[in-house]
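In what follows, a structure is listed as structure tokens, so that the remarks can point back to it.
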Amino acid sequence: MMRGKGVKLIGIGGGGCNGTRILSRSRKKEISCVLVDTCWQSIEGENADGMADVIGIGAEIGKRLGADQNPGKGYRCAMADRSLLEKLMDDTGLIFLRIALGGGTGSGAGLAFTEMVSSAGNIAVVGLLTMPFSFEARNGIDMAEKYRRLIVSHLDIEVCISNDAARKCKNGNESINDMFQRIEQPFQSVITDISMKFEEFGRNPMKLKGFLALKQEQAMLQF
């Protein structure tokens, strides 16, 4: 059966869920939001305002406490609850996937989910990715870049922001929270623009996938 034509904004991992929460405040009501994490307590806190659906994954593997900065563990957590994640594709033609690379869940579970969506073949997927601060990447920037390349291979288009570069642009009066709000602003513009194009194509994901394939090189964002 042909999957439908709805639009979802999905955050995977702690940073991805936080970014999705920020983006959800200004989204169109037609876009549904979903938070996916291996740390169940954290994800419930992120959704205190009830603006998104919440999915905890990998309870038996991660004991609901997270993936310990281990992408392999994050991947296994996602695969353990594959049926829950595959349901996110039902009635969906366009997915905006918010992932903060560098941790275990964003990198590992993010890769697993993009593989699932790619296998479906009839859903357009836009990656909204951030590279970690150098000081917070326990696994190193090289590991984050490795998983970025793996994830991007399953996306129709990628927008990637470097947290280190964003930090260098921080003015003296700007708080860390304000900086994270600023990081999400380009993503909000991408969501608005691509959602409008999706509407122009009659919510036809295959037409949008063709359009995004032509725009992939131009849409790479350096911030």
Helices (runs of 4 or more DSSP H) wholly inside the range 1-87 that include at least 2 residues being touching a residue at least 24 places away in the same chain (Cβ under 8 Å), closer than 17 Å to G108 by Cα and out of contact with any Cys (no Cβ under 8 Å at 6 or more places or on another chain): 13-24, 71-80, 82-87
Checking D91 against (1) touching a Lys or Arg at 6+ places or on another chain (Cβ under 9 Å); (2) at pLDDT 95 or above; (3) acidic (D, E); (4) surrounded by fewer than 16 Cβ atoms within 10 Å (Cβ to Cβ), which test does it fail? (2)
Might you let me know whether the range 157-167 holds any residue that is surrounded by fewer than 13 Cβ atoms within 10 Å (Cβ to Cβ), in contact (Cβ under 8 Å) with a residue 24 or more places away in the chain and farther than 23 Å from C77 by Cβ? yes
Members of the range 112-136 that are under 17 Å from the mean Cα position of the chain (by Cα) and assigned to a helix (DSSP H, G or I): A112, F113, T114, E115, M116, V117, S118
So is Q185 of a type in the set (S, T, N, Q) and in contact (Cβ under 8 Å) with a residue 40 or more places away in the chain or not? no
Tell me whether the range 118-125 contains one or more residues that are over 27 Å from Q41 (Cβ atoms), buried (at least 16 other Cβ atoms within 10 Å of the Cβ), small (G, A, S) and in contact with a helix residue (DSSP H, G or I) (Cβ under 8 Å, 6 or more places away or on another chain). yes
Can D37 be described as under 25 Å from S118 (Cα atoms) and in contact with a helix residue (DSSP H, G or I) (Cβ under 7 Å, 6 or more places away or on another chain)? yes
Give the number of residues within the range 61-78 that are at pLDDT 95 or above and more than 19 Å from L101 (Cα to Cα). 1
Among (1) of a type in the set (D, E, K, R); (2) touching a residue at least 12 places away in the same chain (Cβ under 8 Å); (3) out of contact with any helix residue (DSSP H, G or I) (no Cβ under 7 Å at 6 or more places or on another chain); (4) more than 15 Å from G6 (Cβ to Cβ) - the single one D193 does not satisfy: (2)
When only residues in the range 1-45 that are over 22 Å from V159 (Cα atoms) and hydrophobic (A, V, I, L, M, F, W, C) count, which is nearest to the chain's Cα centre (by Cα)? I43
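The values are calculated or read from the model by the stated rules, or taken from the named source; none is laboratory data. These numbers come from a predicted model, not from an experiment. FYI the Cβ positions are ideal-geometry reconstructions off the backbone, even for glycines, and counts take in every protein chain you see.
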